[in-house]
1. If R0 is 41 Å, what FRET efficiency do you get for Gln50 and Asp89 from their C-beta distance, rounded to 0.05?
2. Once you've got the GNM for the chain with C-alpha springs shorter than 10 Å, pick whichever of Lys161, Lys104, Lys95 has the biggest mean-square fluctuation.
3. With the cut-off at 25 Å, tell me which of the pairs Lys279/Lys379; Lys127/Lys168; Lys342/Lys398; Lys291/Lys379; Lys161/Lys214 have Cα atoms farther apart than that.
4. Placing +1 at every Lys and Arg Cβ and -1 at every Asp and Glu Cβ, with all other atoms neutral, what dipole size does the chain have around its Cα centre, in debye to the nearest 20?
5. Dipole of the chain (Lys/Arg Cβ +1, Asp/Glu Cβ -1, origin at the Cα centre): which of Val262, Val292, Gly45 lies farthest to the positive side?
6. What aspartates and glutamates does Lys304 reach when the alpha-carbon gap must be under 18 Å and sequence neighbours fewer than 8 apart in one chain are set aside?
7. Are there any GluC sites (Glu not before Pro) in region 1-67 that are in a DSSP loop and have at most 10 other Cβ atoms within 10 Å? List them by number.
8. Looking at the chain as a GNM with Cα springs under 10 Å, which of Arg264, Arg33, Arg355 has the largest mean-square fluctuation?
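Every read-out reported here was derived from the displayed coordinates using simple, explicitly stated rules and does not represent laboratory data. Treat the numbers as computed from the prediction; the structure is a model and nothing was measured. Cβ atoms come from the backbone with ideal geometry, glycine included; neighbour counts cover every protein chain shown.
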Amino acid sequence: MDLSGIDLPKGVSVRTFAQSVTIQVQFSYRGDRCREVFTTISLPGESVTQNKEFIAAVKRNVKAAGDLLGRIRHEINQNTFSYQDHFPDSKNCKKYGHITHGHKTVEDYLKSFLAKAPKKVRTKTLKNYDRIINNQLIPEFGEMDVEDLTPGIIRDWVFEKSHCTSRKTISNILSPFKQAMDDAVMDRIISDNPVRALNLNRIITVESRQSEYKPDPFTEDEINILLDAMDGQIRNLFQFAFYTGLRTNELAGLTWQKIDFVNREVLVDEGLVEGEMGKLKTADKGVKSRKVLLLDQALDALLKQKAFTFLEGNFVFHHPFKNRHWYDDSQIRKFAWTPAFKRSGLRYRNPYQTRHTYAHMLIRDNENPWWIANQLGHKGLEMLNQHYGGWLEEAADKYKPRKRFTDQQLRAIK
């Protein structure tokens, strides 16, 4: 394809390949020669009309590339150039940061963070971020210059918020805020992230610190009563939950390929959120997977569940009324957990208490704390102690060595 007749503005080039042409722009930035792709156009067919349309498209895009170069050079001269704004997919974004100088508002950074989030987080998390940023953070802080945002301003807002909001919810609200302000630090607009300077436990009210997921384990009798109010696949699902400690989204995403019947263990490395498989909740904290030992009751539940879904060879637990895998944890709670509670007559607790119950059983039986932490997917003992420290102390008070401490020696003394 002969493109020699097309006038190219300074800094614009056209490269021809086997099936397309690429229009590129070149400019100097921070002492470096930068080259970026403006657009790629597929080569035309053999007809005269197609060739004319192709040449016209190349000319239009060459002119547009030249116009873009003019804007870029102007922004560089004004110290307002943002690599991310013009070339969001370029590897140079990381090299040069998001912006250089110039006044940027909190809203600018929040919206920039939200624009990049679809490639970084799950769909459900993205929806939560969108709601938090547009309904809470931008209305409250959006118009402020980033440089004017201080820890004290955020602290006072968090304190007022804590009168009617739990600590967990406040932490969720601050999560995208922290990440957006991290970009401002990387761009050297601010030296420290004001959101990360907060210590929530020193700011929020006592009522807010009370976790809505406070451990409230079931007794063995309560487990049996609840399971007796279930049948078939739903009973198998929650019997397995009580004796493995899997989170509800991990149960929904469990597949038969992850079950090792020979070694009696299950590999947990994915979860199902809003119908999409994704990494574990703990993956960003360094625990991307874990192997959970199949206790007798858990193995029994799987053997019974084989009759329902094993031949399909994919998801272990299905919605019994839809004959397909569960969509997410909220569907399990609505159609399986809550109705069983109503039939059982027990005091209601959320499904996460199956996990707390599993932890309580292991701690009560004086199992090795490091092993318990591994089974739960905790990176170390700190999280175990944070959630279950009281139980660990109680178990230690009642502990007796399993070896070198026998009833026979005690009887001999008597």
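1. Computed FRET efficiency for Gln50 and Asp89: 0.90.
2. Lys95
3. Result: Lys342/Lys398 exceed 25 Å.
4. The dipole of the chain has a size of about 780 debye.
5. Of Val262, Val292, Gly45, it is Val262.
6. Asp228, Asp231, Asp260, Glu265, Asp296, Glu312
7. Glu46
8. Most flexible of the set in this elastic network: Arg33.
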